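The values are calculated or read from the model by the stated rules, or taken from the named source; none is laboratory data. Note that this is a predicted model, so its numbers are computed, not measured. Here Cβ is always computed from backbone atoms with ideal geometry, including for glycine, and neighbour counts include all displayed protein chains.
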Amino acid sequence: MKKAAENVEIAVLGGVGFNSYRDFESMEVQTPYGEVTAYLTTIKGKKIAVIPRHAGNNHIPPHRINYRANIWGVHSLGAKHVISTNSVGSMRGHPVGSFVVLDDFIDFTRNRPSTFYDDTTVHVDVSEPYCPDIRMALRGALEKNGFSYTEGVYACTEGPRFETRAEIRMMSQFADVVGMTGVPEVILAKELSLCYASLAIVTNQACGMTTQKLTADEVTGVVGKSQEAIFEIIADTIENIQGIRNCRCRFAKEGACL
């Protein structure tokens, strides 16, 4: 296992069932919040680090993921662009296996550390939480490969349980899809002025949208079947991302500190 520093251009944060990193070279990244294992490779001529959220001796549940360590690890590796993949339930009838490029979020989490600034006050700007440049690159990759997608609002819940029918009825008034891993990841990326965007994979209809019971096996099964498609989309998105940042992400902390 490699331990030396590495100048990475783009990081990919993989969700449940995302196994495309398994043959990559691994390295340990030390952060103030704990150790992170990153998997290094080159895609489309660019240095890439994949950090799987749930990897470990046992599957790490969403409410126990060390989000601060993961995002700090991305920053430590030198990456300025982050592509996130998230498994979601649809509250709008999106077909299972389709994709959603997220454009905003609502936070229903409760117990997760959601800032790097516990001892100082930083009101980071999240008026544009997902980088428009990466979102454009994602849309281009999806269209190039002929995949169905929409754009929408993501509701993040605490987990690890699935949501109730009443919760879904409430959240469906404001959001399009629901998941458990997108927050505080997106907020932490903003606090480090990173460019961050998410590709959501619809793995199921949310609770109450059908009469079927929700199962974790359903989620992993859909993502497993979509591995090749996800890799193609991510690879083409990486190719589409420009090295020069013209978006406002790099200014997220300007005027935020008290």
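Under the condition of being exposed (fewer than 10 other Cβ atoms within 10 Å of the Cβ) and not hydroxyl-bearing (Ser, Thr, Tyr), which residue from region 107-128 is farthest from the chain's Cα centre (by Cα)?
Asp119
Report, ordered by the first and then the second residue, all pairs with beta carbons closer than 8 Å, sequence separation of six or more or different chains, a first member in region 38-64 that is closer than 19 Å to Ser114 by Cα and free of Cβ contacts under 8 Å to residues at least 12 places away in the same chain, and a second member that is assigned to a loop (DSSP other than H, G, I, E, B) and basic (Lys, Arg).
Listed pairs, sorted by first residue: Ile60/Arg53.
Suppose we keep only residues that are of a type in the set (S, T, N, Q) and touching a strand residue (DSSP E or B) at 6+ places or on another chain (Cβ under 7 Å) within region 149-167. Which one would you say is surrounded by the fewest Cβ atoms within 10 Å (Cβ to Cβ)?
So, considering only residues that are of a type in the set (S, T, N, Q) and touching a strand residue (DSSP E or B) at 6+ places or on another chain (Cβ under 7 Å), the one surrounded by the fewest Cβ atoms within 10 Å (Cβ to Cβ) is Thr150.
Report yes if some residue within region 155-163 is among the hydroxyl-bearing types (Ser, Thr, Tyr), assigned to a loop (DSSP other than H, G, I, E, B) and either more than 23 Å from Glu239 (Cβ to Cβ) or in contact (Cβ under 8 Å) with a residue 24 or more places away in the chain (or both); otherwise report no.
No, region 155-163 has no match at all.
Looking at region 24-45, is at least one residue loosely packed, with under 13 Cβ neighbours inside 10 Å, part of a loop (DSSP other than H, G, I, E, B) and at pLDDT 95 or above?
Yes, because at least one residue in region 24-45 is loosely packed, with under 13 Cβ neighbours inside 10 Å, part of a loop (DSSP other than H, G, I, E, B) and at pLDDT 95 or above.
Quick one: His59 ticks every box in (1) in contact with a strand residue (DSSP E or B) (Cβ under 9 Å, 6 or more places away or on another chain); (2) at pLDDT below 95; (3) not acidic (Asp, Glu) bar one, so which box is it?
Of the numbered conditions (1) in contact with a strand residue (DSSP E or B) (Cβ under 9 Å, 6 or more places away or on another chain); (2) at pLDDT below 95; (3) not acidic (Asp, Glu), the odd one out for His59 is (1).
Which residue is surrounded by the fewest Cβ atoms within 10 Å (Cβ to Cβ), if the candidates are limited to region 233-258 and must be among the small types (Gly, Ala, Ser) and either under 16 Å from Glu191 (Cα atoms) or in contact with a Lys or Arg (Cβ under 8 Å, 6 or more places away or on another chain) (or both)?
Gly255
So which pairs qualify, if the first residue must be in region 208-236 and farther than 26 Å from Ile48 by Cα, the second must be charged (D, E, K, R) and at pLDDT 70 or above, the Cβ gap must be under 6 Å, and the two must be at least 6 apart or on different chains?
Sorted first by the residue in region 208-236, then by its partner, the pairs are Gly208/Arg165.
Within region 68-88, can you find the residues that are under 16 Å from Tyr149 (Cβ atoms), modelled with pLDDT of 95 or more and among the small types (Gly, Ala, Ser)?
Within region 68-88, just Ser84 meets the criteria.
Has region 113-132 got at least one residue that is assigned to a helix (DSSP H, G or I) and not acidic (Asp, Glu)?
Looking through region 113-132, at least one residue is assigned to a helix (DSSP H, G or I) and not acidic (Asp, Glu).
Take Gly146 and decide whether it is of a type outside the set (Lys, Arg), on the phi > 0 side of the Ramachandran plot and not in a strand (DSSP E or B).
yes
For region 66-103, enumerate the residues that are of a type in the set (D, E, K, R), buried (at least 17 other Cβ atoms within 10 Å of the Cβ) and either in contact with an Asp or Glu (Cβ under 7 Å, 6 or more places away or on another chain) or at positive phi (or both).
Across region 66-103, the qualifying residue is only Asp103.
When only residues in region 179-220 that are assigned to a helix (DSSP H, G or I) and at pLDDT 70 or above count, which is surrounded by the most Cβ atoms within 10 Å (Cβ to Cβ)?
Here the residue is Ala189.
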